[in-house]
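Input: a single structure, listed below in structure tokens.
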Amino acid sequence: PFVGLPHLPTRTIWYVINMTALAVLLLGAWKLTGGGRLDGSPKVPWREHAIFWLGITCGIGSCLDAITNQQTDLIVAALVVLGCSALMQARDLRAAIWFGIAAGIKCTPLLWAGYLAWRRRWIAALLVGVVAVGINLIPDLTHSSKSSVTHLSDWTARFLAPMADRDHEFGTWHCGV
């Protein structure tokens, strides 16, 4: 979305987005796992701090890797955590929207549609897919495809269709990066 901006503002905006996602991810995951408060009075048990720092130590490498490589993984993880938080509050449709946005960025969160269907939350399960596809159609509003109707159909023709070919070697994903 920042294609037209100069390099420095683009990097700054991307950094702010990633730091926000990291904060949402850390705070949300702490809350979802039942983590207690870390400060205040009465004094917080040492084990709360130990658990927090053990978790940070285990996960910070992946977070830093996503930031330094300018990946979307932190954003996707934060969106999934927001979806899980909404599920904990019995807000299925809100959760489906968060999961759908995450799946629109990176396909893996589409698995939540299966979970929601398994729990018989049919509308929410369907909404995950609808939002994911909708997110992938947004670029067509600002930058139309030169080779077909949508960028999504370009991607399908370039990456998915070749895998259906009889001569395709199963398990390979030739993307020509």
Exercise. For the chain, what is the relative contact order in percent, using Cα pairs closer than 8 Å and at least 6 residues apart in sequence?
Worked result: 14 percent
Exercise. Taking the Cα atoms only, what angle lies between the long axis of helix 7-32 and the longest principal axis of the chain, rounded to 10 degrees?
Worked result: 50 degrees
Exercise. For the range 6-56, what class follows from the C-alpha gyration tensor (a ≥ b ≥ c being the square roots of its eigenvalues): rounded when a/c is under 1.5, otherwise prolate if a/b is larger than b/c, else oblate?
Worked result: prolate
For this session: Find the accessible area per residue for the chain; the probe is 1.4 Å, ligands and nucleic acids are left out, and the unit is Å².
Result: 70 Å²
Exercise. R0 = 41 Å: FRET efficiency of H7 with L160, Cβ-based, nearest 0.05?
Worked result: 0.80
Exercise. So which lysines can K31 reach, going by Cα to Cα under 22 Å and dropping same-chain residues fewer than 8 places off?
Worked result: K43
For this session: Rank-order 100-108, 54-62 by packing density, defined as the average count of other C-beta atoms within 10 Å over each peptide's residues, highest first.
Result: 100-108, 54-62
Exercise. Roughly to the nearest percent, how much of the accessible area of the chain is carbon and sulfur, given a 1.4 Å probe?
Worked result: 67 percent
For this session: State, to one decimal in nm², a quarter of the convex hull surface area for the C-alpha atoms of the range 1-157, i.e. the direction-averaged projected area.
Result: 12.2 nm²
Exercise. Taking the highest mean first, how do the peptides 156-164, 41-49 order by number of other beta carbon atoms within 10 angstrom per residue?
Worked result: 156-164, 41-49
Exercise. Cα centroid distance between the range 50-68 and the range 1-27, in Å?
Worked result: 19 Å
For this session: Output the relative contact order of the range 1-105, whole-number percent, from Cα pairs under 8 angstrom with separation of 6+ residues.
Result: 29 percent
Exercise. Just how much of L137 is accessible, in Å², when a 1.4 Å probe is used and the result is rounded to the nearest 10?
Worked result: 70 Å²
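The values are calculated or read from the model by the stated rules, or taken from the named source; none is laboratory data. Because the structure is predicted, anything quoted here is derived from the model rather than measured. No Cβ is skipped: glycine too gets one built from the backbone with ideal geometry, and neighbour counts run over all protein chains shown. These accessible areas exclude ligands, DNA and RNA; they are computed on the full protein's heavy atoms, side chains included. Shrake-Rupley method; radii C 1.70, N 1.55, O 1.52, S 1.80 Å.
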